[in-house]
Amino acid sequence: MHLSQEDGKVEIVLKEEEATGTSFETSGNSHQPDHMVITEPRSDSLDESLDHRPGNTLIYSINDRPPWYLCVLLGFQHYILAFGGILAIPLILAEPLCIKDNNGAKSQLISTIFFVSGICTVLQTTIGTRLPILQGGTFTFITPTLAVLALPKWKCPEVAANADLNATAESVSLTDPEEVWKVRMREIQGAILVASVLQVVLGLSGLVGLVLKFIGPLAIAPTINLIGLALFREAGQKSGAHWGISALTVCLILLFSQYLSKVDVPLIAYKDKKWKVFQYPLFKLFSALFGMCGAWLVCFFLTYFNALPTSPDEYGYKARTDINLDAVSSAAWFFVPYPGQWGLPTVSFSSVLGMVAGVLASTMESIGDYYACARLSGAPPPPTHAINRGIAVEGLGCILAALWGTGNGTTSYSQNIAALGITRVGSRLVLQTAGLLMVFLGLFGKFSAVFITIPDPVIGGMFLVMFGMIAAVGISNLQYVDLNSSRNLLILGFSTFSGLVLPTWFHSNPDMINTGITELDQLIMVLFTTHMFIGGFFGFVLDNTIPGTDEERGIKSWRKTVHGINSAYFSDQSCYNLPFCMNFLHRFRFLQHLPFLPHLKSQDQGTHL
């Protein structure tokens, strides 16, 4: 953000040696940096910025407006960074939704989730927190979704076992193959639709702050950790199709993301009638994409030279790239997703309660993302009204995802936040451009169908890295906790282990639950087969009932890390103002008491628009 006064200027400088904060550099004779006037956002070129700013300075801050061509390039980069995580969700849900071999349905599902993710990104960056943060599918919804679809009612019908189909699905699904998966999708849509209302209420009512007081690292760590651990079976099944290709994918991702992360690639740009060479961290930015495409290319050559088996019954057959080529040829050139395209969502009490666990986990994860995004985009820490509004918009995004039928919700993407620090571009406009690109590309059916041709072992290798990172993110919350305390070790060990044991037992013994009430049986099955619900529930209850100091529980250092960066920023929070109603708020000041609208008092103290 570029700020100016009559006789000086203030620039935000990200110091590499201070990973958690920022400092001010001032020039001129100004001695009153607390009174600032915001000028028009900059729109100078990338080269000019690099020439006039130190190498570790933000090139574009949150309110800056890069040139349109740079917005498109950087926006597409964010799209590429997020596409692996977004793409993984419909591929995971394909088998439990009974569309494992239905390439047309998978193509439509991929188009839909990218389309809705783009809409939600635009909403979040415009009326939500207004931070440059990308929205995409969330893994916190996958575990409860798999738990719901694992109920006997939703088991996929066997093709040859027509006599047994009546026990597995509604009779209408027996005659129409499309209805087999759509009836399951409508059940998931209904669960997400109702559960997401809770997230909207948490945001609009300001209850997020109240809930946060009772949630610490010992509740969050097992919850997020079990999201990754619970998906080991899906990663194993995909990788097991050809362990050699899966290992190659993992090695390539590790090579680009870790071993070559500090290697900058020289690139050439033409500017001011002359060629310029600049260094770009290409491998670090596109490590997942390069790793997956490299393994995909190897599979293509192995298929071309017939080095892989041609029989579906032989090991390694799924590493071929010509198995799903019909998906591209049969896909429509254009596919426009619309609400209710799979039918009217259905709602059941057990499915909704199971999905609530995913909603709460996603909410807690996103709040941490907001602070990280603000730090890397040159913005002050998000005020309470921005956090409340961001959570409410995420809930709205999940409702939209349910109406469109993505089979999932939306949440903030951490990998795109990390990219802000790498590229030194924290402009909100770039992420809004990325959202529009996601919407636009989601309309091309053949473009989405290309992703279906990625061989299973390549996807499995990507899953191994991705799910492992999710589990590690959960564990990272323990850095604030006293791990020498037997109290904390007991809570952590019991909650995590229970989150693995109980769902496994209930999956193996589904007939043991027989209360005589079908709905109650389903409720018990969904809740006790949702790994993160079990782990988060025990972690939350034990951490708040077993005596322990705030220092021992990690609450004190955790809050200090989140809120302690306030002194590193100036007090101006105008970047969180809504773009179209500030004059209205000035006219009717009673509206500032709403927990999701900006508070005008703090803005009138020395800071002017």
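By how many nm would the segment from VAL336 to GLU178 lengthen if fully extended, with 0.36 nm per residue of separation less the alpha-carbon distance?
55.1 nm
With labels modelled as points extended 7 Å from the Cα through the Cβ direction, what inter-label distance (nm, one decimal) is found for GLN279 paired with LEU210?
5.3
Extension gain VAL265-ILE80, at 0.36 nm per residue separation less the Cα-Cα distance, in nm?
Extending this stretch completely gives an extra 64.8 nm.
Before I look further, what does the stretch 227-302 give for accessible area per residue, probe 1.4 Å, in whole square angstrom?
57
On the protein heavy atoms, probe 1.4 angstrom, tell me the percent of accessible surface of the stretch 435-557 carried by carbon and sulfur.
Taking all protein chains in place, the stretch 435-557 shows 70 percent carbon and sulfur surface.
Based on alpha-carbon centroids, what's the gap between the stretch 491-559 and the stretch 74-134 in Å, whole number please?
What the calculation gives is 29 Å, centre to centre.
Between THR504 and ALA307, with labels modelled 7 Å along Cα→Cβ, what's the label distance in nm to one decimal, could you check?
Inter-label distance under the simple model: 3.7 nm.
Hey, what's the stretch 367-522 come to in accessible area per residue, 1.4 Å probe, Å²?
Per-residue value: 34 Å².
Measure up LYS284/LYS318; LYS153/LYS182; LYS262/LYS318; LYS213/LYS560 against 24 Å on the Cα-Cα distance and list the ones that go over.
LYS284/LYS318; LYS262/LYS318
May I ask for the percentage of alpha-carbon pairs in the stretch 515-558 that lie more than 11 Å from each other?
Here the long-distance tail beyond 11 Å is 72 percent of all Cα pairs in the stretch 515-558.
Using 0.36 nm per residue, how much length does the chain from ASN484 to LYS153 gain when fully extended, once their Cα-Cα distance is taken away?
114.5 nm
Let me have the relative contact order for the stretch 174-289, percent, based on Cα pairs under 8 Å that are six or more residues apart.
This gives 15 percent for the stretch 174-289.
Starting from the Cα of ASP272, step 7 Å along the direction of its Cβ; do the same at ASP101; then give the gap between the two resulting points in nm.
Going from the ASP272 label point to the ASP101 one covers 6.4 nm.
Based on the Cα atoms of the stretch 323-418, what semi-axes does the equivalent ellipsoid have, where each is the square root of 5 times one gyration tensor eigenvalue, given in whole Å with the largest first?
31, 21, 12
The values are calculated or read from the model by the stated rules, or taken from the named source; none is laboratory data. Bear in mind the structure is a predicted one, so any value in this text is a computation, not a measurement. Positions of Cβ are generated from backbone atoms using ideal geometry, with glycine treated the same way; all protein chains shown enter the neighbour counts. Areas reflect the complete protein model, heavy atoms only, side chains present, ligands, DNA and RNA absent. Shrake-Rupley method; radii C 1.70, N 1.55, O 1.52, S 1.80 Å.
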